[in-house]
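The values are calculated or read from the model by the stated rules, or taken from the named source; none is laboratory data. The model shown is predicted, which means the values in this text are computed figures rather than measured ones. Positions of Cβ are generated from backbone atoms using ideal geometry, with glycine treated the same way; all protein chains shown enter the neighbour counts. Just so you know, the surface numbers come from the protein's heavy atoms only, side chains and all, with ligands and any DNA or RNA stripped out. Shrake-Rupley method; radii C 1.70, N 1.55, O 1.52, S 1.80 Å.
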Amino acid sequence: MLQGFSKKQQQRMVSRKQKRYETSVKNPFAIFLKDLIEEIKKFDAELNVEPKDCIARINRDIRFSKDKTPYNLHYTAFISGKGNKDKSIPGLYLRFGVEEIDIMAGCYGVSDTQLFNMRNAIKSDTQKFKDLYSNDKLVSKFGSIQGEEHKRIPKEFQETFEAEPLIAKKQFYVVAMRETELLTSNHLVKELMEYWHTAKPLNDFLTEAIKK
């Protein structure tokens, strides 16, 4: 891409791109995220993370991909007790792209032990779980529970499966998509907090489950 330019010219071009990225993307995103985290802390005093703990790297993992594009065209953050280091902890996951905004909540990268504990929680109170994910406000904001499913589930959960098929899932998360115009609005943090509040009961249920 930079062929035909001297090494010094290439370095200057890379430096300008880096400064533009930091000025236009990295720094504004960190400032926004700090405001959002501070707002969440008003309702979750145990949340103790900084923007840098939550923001994912913009570099793509191209080791096993045919697409060798080095950078993502979206910016992401995971706001939870351990931020981006542990996606198994329920929280609010944000993905700001060029075409849409994705807002997610729930559990994604769960371990076998965590999955077993979540299934036990569902088995212990199937109706509570059903009430949480079928809540009108949650459905209106996020839609239905998402996640990959096991074709076979352990015997101890098969009876529960008859009453609650979602117990077969390997992940339990919800997703909302919004227009990119929201990014430049004056009510971005306010609207994202509405999603956070809506997902909180489900997140709390899953959080308690994985602790056991």
Output the qualifying pairs, or none if there are none: Cβ atoms under 6 angstrom, residues six or more apart or on different chains, first residue in region 198-212 and hydroxyl-bearing (Ser, Thr, Tyr), second residue in a helix (DSSP H, G or I) and buried (at least 19 other Cβ atoms within 10 Å of the Cβ). THR198/LEU138
Give just the number: which of (1) open to solvent by 40 Å² or more (accessible area, probe 1.4 Å); (2) under 16 Å from ILE79 (Cα atoms); (3) of a type in the set (Asp, Glu) does ASP125 not satisfy? (2)
For region 159-183, give me each residue that is assigned to a strand (DSSP E or B), surrounded by 18 or more Cβ atoms within 10 Å (Cβ to Cβ) and among the β-branched types (Val, Ile, Thr). VAL174
Cβ-Cβ below 7 Å, separation at least six or inter-chain, first residue in region 155-172 and over 14 Å from ASN120 (Cβ atoms), second among the β-branched types (Val, Ile, Thr) and part of a strand (DSSP E or B): which pairs? none
Does PHE116 satisfy being surrounded by 13 or more Cβ atoms within 10 Å (Cβ to Cβ), free of Cβ contacts under 8 Å to residues at least 60 places away in the same chain and either touching a Pro at 6+ places or on another chain (Cβ under 6 Å) or among the aromatic types (Phe, Trp, Tyr) (or both)? yes
Which of the following residues is assigned to a strand (DSSP E or B), in contact with a helix residue (DSSP H, G or I) (Cβ under 6 Å, 6 or more places away or on another chain), open to solvent by less than 10 Å² (accessible area, probe 1.4 Å) and within 21 Å of LEU138 (Cβ to Cβ): ALA77, ALA105? ALA105
Can you tell which of SER111, SER134 is out of contact with any Ser or Thr (no Cβ under 8 Å at 6 or more places or on another chain) and open to solvent by 20 Å² or more (accessible area, probe 1.4 Å)? SER134
